[in-house]
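The values are calculated or read from the model by the stated rules, or taken from the named source; none is laboratory data. In this text, all values refer to a predicted model and were calculated from it rather than measured experimentally. Please note: Cβ atoms are built from the backbone with ideal geometry, for glycine as well, and neighbour counts cover all protein chains shown. These accessible areas exclude ligands, DNA and RNA; they are computed on the full protein's heavy atoms, side chains included. Shrake-Rupley method; radii C 1.70, N 1.55, O 1.52, S 1.80 Å.
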Amino acid sequence: MNIAVDTGYLLWESHPLPSGGDADLYCSKICTQFEWCNLWCPHPFTIPTHCSISNLFIMPTFMETDSTTTLTCYTGRHKDLATNAKIRAGEQNINPFMFMMKKENLIDGIYNYDINECFATKVSDNHRWFVLDFNQTVTFSHVILVALPRNNSYKFFNAIEVRVGNKELSFPTGYEEYDLFGVFPGSSYPNQVVGMQSPTPVSAQFVFVQKASDENYGLRICHIEVY
C-alpha cells in the first residue's frame, strides 16, 4: 500500500520494496515515474524496506548539520553553483510576516515549499534585486528560478531579468553593463519553475536577478539554481 502525504505543497510518498530488490535502484526507478519527484530515500531498516520520494529541493552540495537525524538520500537535481555562493541584495522586507524571508535562504541548498524559506525585498526600485558572487569566473548555461507557493505569486514574480558579468558593480546601479541572460515577463503561478538556458555556455563571476518593473510589489523568489 502506498502512503501519500501532502503537507501544503511539500509531497512525500512511501513505497514498499519488493522482496530481494535493490533498494537504491528501485527507489530511483520509482522516482522517475513521477514528474514532481526530486528526491528519493531508501529506508533499509524498515520491514519491509521502503522508499520515500519527495518533491523537496535538496541540492547535491547541501550539508545537513544535524547528523543524528541524517538519512542517505539521492537527488536528480544538478550540482549547481548557487548553493553556498556569496549573495548581496536589496533590503529585505521585514514586516512581521516576512522576517524569516532573508536572502540567505536562496543559497542554503534546500527548499521545502515553505514561504518562510523564500526571499522578499522591499518595494522600491533600489531593493528589488539580488546578485550571486561565485568568487571566480565559472561556466554555466542554465539558471533556474522558483516562484512563491501562493496564489498571488504573479504580483511578486514577474518582469524578471537575469544578467551575468565579471565586473563587481555598486548595485543596484550599473547593472546594464552586464549581459542579458534571460527574461521572464510573467505572469507566474504558484511554485512555477522557470528555466532559462543559454544556447552556448557563458563564463561569469556574477549572476544578477531583478524585478525590473512594477512599483507596487517587491521581488519575492524561493529558489535559484545555476549550472
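At 10 °C and 1.306 mPa s, what whole-number value in µm²/s does Stokes-Einstein give for the translational diffusion of region 144-227, with Rh from the Kirkwood sum over Cα pairs? All intermediate terms of the calculation are to be shown ahead of the outcome.
Numbers: Rh = 13.4 Å.
The diffusion coefficient I find is 119 µm²/s.
Residues with beta-carbon under 12 Å from that of residue 185, excluding residue 185: net charge, scoring Lys, Arg +1 and Asp, Glu -1? Can you show the working numbers first?
Values: positive: 211; negative: 161, 214.
Net charge in that neighbourhood comes out at -1.
What shape does region 63-187 have by the C-alpha gyration tensor, where a ≥ b ≥ c are the square roots of the eigenvalues, rounded means a/c under 1.5, and otherwise prolate means a/b greater than b/c and oblate the rest? Oblate is the answer for region 63-187, as a/c is 1.5 or above yet b/c matches or exceeds a/b. Calculated on the alpha-carbon coordinates, the convex hull of the chain measures out at 139 cubic angstrom per residue.
When peptides 193-199, 85-91, 212-218 are ranked by their average number of other Cβ atoms within 10 Å per residue, the highest-first order is 85-91, 212-218, 193-199.
Rounded to the nearest 10 degrees, the angle from helix 23-32 to the longest Cα principal axis of the chain is 50 degrees.
Dividing the helix sum by the residues of the chain, where each DSSP H run of 4 or more adds -39500 (n - 2.57), gives a mean residue ellipticity at 222 nm of -1500 deg cm²/dmol. Highest GNM mean-square fluctuation among 170, 153, 124, for the chain modelled with Cα contacts below 10 Å: 170.
Per Stokes-Einstein, at 4 °C and 1.567 mPa s, what whole-number D in µm² s⁻¹ belongs to region 156-202, with the Kirkwood radius over Cα pairs as the hydrodynamic radius? Let's see the in-between values first.
Values: Rh = 12.3 Å.
The diffusion coefficient I find is 105 µm²/s.
Summing charges over all other residues whose Cβ lies under 10 Å from the Cβ of residue 100, with Lys and Arg as +1 and Asp and Glu as -1, gives -1.
When ligands, DNA and RNA are left out and all protein chains stay put, how many square angstrom of accessible area per residue does region 70-110 have with a 1.4 Å probe? Before the final figure, lay out each step's value.
Working: 2460 Å² over 41 residues.
With the other protein chains kept in place, region 70-110 gives 60 Å² per residue.
As an exercise, use a Förster radius of 22 Å and the Cβ-Cβ distance of residue 61 and residue 193 to find the FRET efficiency, rounded to the nearest 0.05.
Details: r = 19 Å, r/R0 = 0.87.
Using R0 = 22 Å, I get an efficiency of 0.70.
Just check region 104-175 against the gyration tensor rule for me: Cα atoms, a ≥ b ≥ c as the square roots of the eigenvalues, rounded for a/c under 1.5, and otherwise prolate or oblate depending on whether a/b exceeds b/c. Oblate, because a/c is 1.5 or more while a/b does not exceed b/c. For the options 39, 71, 81, a Gaussian network treatment of the chain with springs between C-alpha atoms closer than 10 Å singles out 71 as fluctuating the most.
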